[in-house]
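Each value in this text was obtained by applying a stated rule to the coordinates, not by laboratory testing. Not measured: the values here are computed from a predicted model. Cβ atoms come from the backbone with ideal geometry, glycine included; neighbour counts cover every protein chain shown.
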Amino acid sequence: MFRHLLVPIDDSALSTETVRQAAMFASTLGAKITFFHAKADYGASSIGALERVMSPSGFNEQMAGEARALLAKAETVARAAKVAYASSWVTSDRPYAAILDAAERNGCDLIFIASHGERGLKSLILGSQTQRVLQHTTIPVLVASVEGNAPAPHHAAPLATIREEHRSLAAVIHGLEYLVRETRERGAEPQFALLRAILHYIKAFPEALHHPKEDAYLFSKLRLRTSEFNDTLDELGRQHVEGSKLVRAMDAALDRYEADPKGGFDGFAEAVKRYVAHEWPHMILETKVVLPAAQKYLTAEDWSEIGHAFAQHGDPRFNVDTDEEFRQMFTRILNLAPENVIGGTARA
C-alpha cells in the first residue's frame, strides 16, 4: 500500500480541491504527503528582471512568497486531517520534470495529481503537464477526478473561496502558536514585527471582512432556506462577536509585551491561547456543519450572490478595494517568518 504521496499544487481552484482529496486519501491509507510547487522563473521575465535591479527586496519577496503561501495553506488541510506532511518548492519552467525529480528525491511511492483537461470529449486529453508526468514516470500516478463532464455545481467556486480563506487564517494561527511556543519552550527572542503583521492580518481580513460577509450572506441565506440550523448560526454569530473581543485583547497584550518583553510574555501567551481555543472549534463548526448545510439547501441564485460577495472584496459595504492587498499581506507574513514557522516549506 502507498505510504508517501507527492501532491503537486498550483494556484488554481482545481488544485484547491485536489489538496482536499489527497488529504482524505492519505488519511485513509495512513500515508504521508509531500506538497510540491514548481514555480516559474519570475526573474527570467522582463518584469522580474527589471524588479531585480530596481527593488532587490521586492524581487526576493515575489520569488519566495507565492510558493510559501500556496504550500502553507495546503499544510493546514493536512493538519486538519491529522496527516503527516512536508512541503518543498523549486523554480522550474518544466513542471513535469520538477515533479518527477521531487518524487524521487523525497522517496514518494505515488504521485497524486490533478488533470487540467476540459470537459466532454476534450477530457480524454489530460492537461499537458499531467500527460508528461504519466509518460515519463517510473512510479505510480493517481490522476484525481476533480472536474467531471457535468457542469460545475453553482456552489463549487464560492465554497472553494470560503475554504481557501479558512486555510489562510489557519496557517496564520498556526504560525502564531508556533512563535509563542518557541519563546516559552526554547527562550527564542520575540519577533515583534512578525507578531504585529499577524495581528494586523487577523484584524484586517477575517475580522473586518470574512466574518461580516459570512453573517451578511452565507448565514442569512441559510436562515431563509431552513430553520434547522438557526441555533448553530446563532452560536456562530455570538462567536464572531466574542472573537472580536479576543482579538482586541491579543492586540492590547501585544502592546504590553512589546513594552516589557520579559514581564509581558505570559499575558500575551494567555491571550493567544484563548483566541486559538476559540477559533479552531469555530472554523470546524462552519466546515463540518454550515458549509454542508448550505450546499444542500441554498439555491443557484443564493450561491451566485454569495460567490460575488466573497470574490469581490471591493463590496462597498465592507470598504475594501480589492482582495489583492490581502494576498500580498499574507505573503509578507510568510516572508517575515523563518521557514519553519507558518509552514514546513523548504526550497529544494
Hull surface divided by four, with the convex hull built on the Cα atoms of segment 175-248: how many nm²?
6.0 nm²
Segment 244-253 - phi-based ³J(HN,Hα) in whole Hz, Karplus 6.51/-1.76/1.60, Gly and Pro as x
4, 5, 5, 5, 4, 5, 5, 4, 5, 5
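Give me the dipole magnitude in Debye, nearest 20, for segment 238-313 about the Cα centre, with unit charges on the beta carbon: positive for Lys and Arg, negative for Asp and Glu.
On the way: 9 positive and 12 negative charges, 53 e Å.
Magnitude of the dipole: close to 260 debye.
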List, in order, the whole-Hz ³J(HN,Hα) value for each residue of segment 285-302 obtained from phi through the Karplus relation with A = 6.51, B = -1.76, C = 1.60 and θ = phi - 60°; use x for Gly and Pro.
4, 5, 5, 8, 10, 6, 5, x, 5, 4, 4, 7, 9, 6, 8, 4, 5, 4
What ³J(HN,Hα) values, in whole Hz, does the Karplus curve 6.51 cos²θ - 1.76 cosθ + 1.60 give for segment 74-91 when θ = phi - 60°, with x put for Gly and Pro?
5, 5, 5, 5, 5, 4, 5, 8, 6, 10, 5, 8, 8, 9, 7, 8, 9, 8
Counting sequence-distant residues (5 or more places) and residues on other chains, those with an amide H built under 5 Å from that of Ala86 are Ile33, Thr34, Phe35
Please list, in chain and number order, the residues 5+ apart from Ala144 or on another chain whose amide H is under 5 Å from its amide H, with Hs placed from the backbone.
Ile113, Ala114, Ser115
Any residue on another chain or 5+ positions along whose placed amide H is under 5 Å from the amide H of Thr91 is listed here as Lys39
